[in-house]
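These notes concern the structure reproduced below.
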Amino acid sequence: MAFVIGWNLILEYVIGTASVARGYSGYMDSLLNHTIETHFREWMPLGVSWLSTYPDVFALAITLFLAGMLAIGVKESTRFNNVFTLVNLLVVVYVVIVGAFKADIRNWQLKPEDIPRNDTGVGGFFPYGVGGMLNGAASCFYAFVGFDCIATMGEEVRNPRRAIPIGIVVSLTIVFLAYFGVSVIETLVWPYWDQNVSAPLPYVFDRAGWPVAKWVVSIGALAGLSTSLLGGMFPLPRVLYAMGSDGLIFRFLAIVHPRLKTPLLATLLSGVFAGTMAMIFNVEELANMMSIGTLLAYSLVAVSVLMLRYEPLVPCTIASPDASMSVSVSKRSEMYEVPSQSHGETGTLDNDAMDLKPRSPFTTMFNSDGLQSPTMETSYLVKILTLVLGVLFCMMNGILVFAERPFFNGDLPVVIPFAGVALLAVLCIIVISRQPSASTESLSFAVPFVPYIPMFNMFVNLYLMMRLPPSTWIRFIVWMVLGFLIYFGYGIFNSSQRKPSPPFLRDAVSVDSVLSSDNQSDGVAGGTE
């Protein structure tokens, strides 16, 4: 699972960098009166339906230039990012305020006869129907990528229990308001069927007769895209370096240049890969590929939260150097006891979770005896039910997506199977919710309302993934097959995890540190979940 998440993280950063480079090229081309696009369409047309209409050499060039700058050791500047992000937000406010003077509600009330082409919807507020809106939501999910990095800051803030949820909610709210405001103005100022995908805002203001606004918006967009391009490209070599260091992918990607002090090869290869993607794919295809990989990664994160929350506290013994003492700790790094081996004593955990009395299937499923702490048995049950729940969610979403009209029309051959699968899913949810979960009091931050939020996350993510076009699934499957070939052909044999290590290294707990904390605490707090 760790490899799948890391592999999809590479895809997320590659596609993110490529899509931003493509957008940067589009805005630059709009300032040059579409000279780049016009000439390359004539000189080097790409006659493939699932590729761009022309190779965007400018997008390739700026990506390679940035990769070269990062390879020689240029650091990401927080001040640079803050200034350009502020400029971007000011331009968003400018677009909303200025565009409001040109807004026309009739652009949301177009009739079918007002639409010049048959392939551009039927007008109205939902020109492509609710299904079209959901398809757009699946494609535009990439707009919200990045908020997950806030959860990694648990050890760097004073009150993570309060700061992390607030940071996630506030950042997502700002992003939503920015996209909502711009999309409202864009479709009110100019009809939805006549939009420019490469540089939409300059095109809208140009057609509305405000060329000055076009230039202001283009410059602001380039400022915002500059920070996005740097922010997307900067972590990519680090991910390759981390996976290469662990041996999950080729270890030569983890080689650091002795003079530049950067993962030179990883940086250059990531730049070539991202630049090539930006050159041959259009923004829509890149967005879909990024969305499907990110949705899968977030679904696996939800599954990981479920499994970790119901993971038992399994003790292990660590011997001290003089063999006179032993310390029992758990997988979650919480200390239970310090028994003495010199007196021949064997410690036992005063914990209901370690009760070895057999339990009936009904008692195990519904925890009718009130077990308070997870055991290996309950943890295994949660893992199996999570897998079953994933299959049931896929079946339910398959009916909702591929039999949407019959389902909402109430056709019994579709509704009855859906109801049966939904009842099984509800039963799985009830059984999982009845299982004992591990305590989160020692964690700096823990996901609330487990298991319901992770399950809802899984369902929605799978639904959005199924709304994406088949061509996106084909590309994604090719990417995953390539990843599994690398993993099973190289990574599984060269991974650092295959090399056995002593228990005290494997559990990252030293006897001295545990004993020194004996007078201060009853346990060692874990990390964030």
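No value in this document is a laboratory result; all are computed from the given coordinates. All values reported here derive from a predicted model rather than from experimental measurement. Counting neighbours? That spans all protein chains shown, and the Cβs are built from the backbone with ideal geometry, glycine included.
Please say if the stretch 2-297 is rounded, prolate or oblate, where rounded means a/c under 1.5 for a ≥ b ≥ c the square roots of the C-alpha gyration tensor eigenvalues, and otherwise the choice is prolate for a/b larger than b/c and oblate otherwise?
Details: a/c = 1.77, a/b = 1.46, b/c = 1.22.
Cα axes put the stretch 2-297 in the prolate bin.
Using Cβ counts within 10 Å as a stand-in for footprinting exposure, how do MET455, MET480 rank, fewest first? Numbers along the way, then the final one.
Values: MET455 23, MET480 16.
With the sparsest Cβ surroundings first, the list reads MET480, MET455.
Multiply the residue gap between THR38 and MET133 by 0.36 nm, knock off their C-alpha separation, and tell me the result in nm, one decimal place.
Details: separation 95, 0.36 × 95 = 34.20 nm, distance 3.15 nm.
Using 0.36 nm per residue and subtracting the Cα-Cα distance, I get 31.1 nm.
Taking 7 Å along the Cα-to-C-beta vector as the label spot, tell me the ASP114-ASP369 distance in nanometres, rounded to one decimal.
A separation of 6.9 nm, rounded to one decimal place.
Using the beta-carbon distance between PHE362 and VAL391 and R0 = 25 Å, what value does 1/(1 + (r/R0)^6) give for FRET efficiency, to the nearest 0.05?
Details: r = 23 Å, r/R0 = 0.94.
Computed FRET efficiency for PHE362 and VAL391: 0.60.
For an R0 of 30 angstrom, estimate the FRET efficiency from the Cβ-Cβ distance between LEU412 and VAL122 and round to the nearest 0.05. Show your work: numbers first, answer last.
Working: r = 29 Å, r/R0 = 0.98.
So, using R0 = 30 Å, E works out to roughly 0.55.
Out of PHE84, PRO127, HIS34, whose Cα points farthest toward the positive end of the dipole of the stretch 2-297 (charges: +1 Lys, Arg; -1 Asp, Glu; placed on Cβ)?
With unit charges placed on the Cβ atoms, the residue in question is PHE84.
For a label point 7 angstrom out from the Cα of PHE101 toward its Cβ, which stretches of the stretch 202-236 have the backbone nitrogen within less than 20 Å?
Residues 202-221 fall inside that zone.
Taking the stretch 1-143 as the region of interest, what is the percent of Cα-Cα pairs per 10 angstrom bin, listed from the shortest bin to the one with the maximum distance?
Histogram of Cα-Cα distances, whole percents per bin: 9, 20, 34, 28, 8, 1.
Hey, fewest Cβ within 10 Å first, where do LEU400, LEU32 land in order?
Working: LEU400 17, LEU32 11.
Arranged by neighbour count, lowest to highest, LEU400, LEU32 become LEU32, LEU400.
Starting from 0.36 nm per residue, how many nanometres of slack lie between VAL481 and ALA419 once their C-alpha separation is accounted for?
On the way: separation 62, 0.36 × 62 = 22.32 nm, distance 3.40 nm.
Length gained between VAL481 and ALA419: 18.9 nm.
What is the calculated FRET efficiency for VAL170 to TYR452, with r their C-beta to C-beta distance and R₀ = 41 Å, to the nearest 0.05?
Numbers: r = 23 Å, r/R0 = 0.56.
Computed FRET efficiency for VAL170 and TYR452 comes out at 0.95.
Can you tell me how much longer the chain between TRP50 and TYR380 gets when fully stretched, taken as 0.36 nm per residue apart minus their C-alpha distance, in nm with one decimal? Intermediate values should be presented prior to the final figure.
Working: separation 330, 0.36 × 330 = 118.80 nm, distance 4.36 nm.
Gain on extension, TRP50 to TYR380, equals 114.4 nm.
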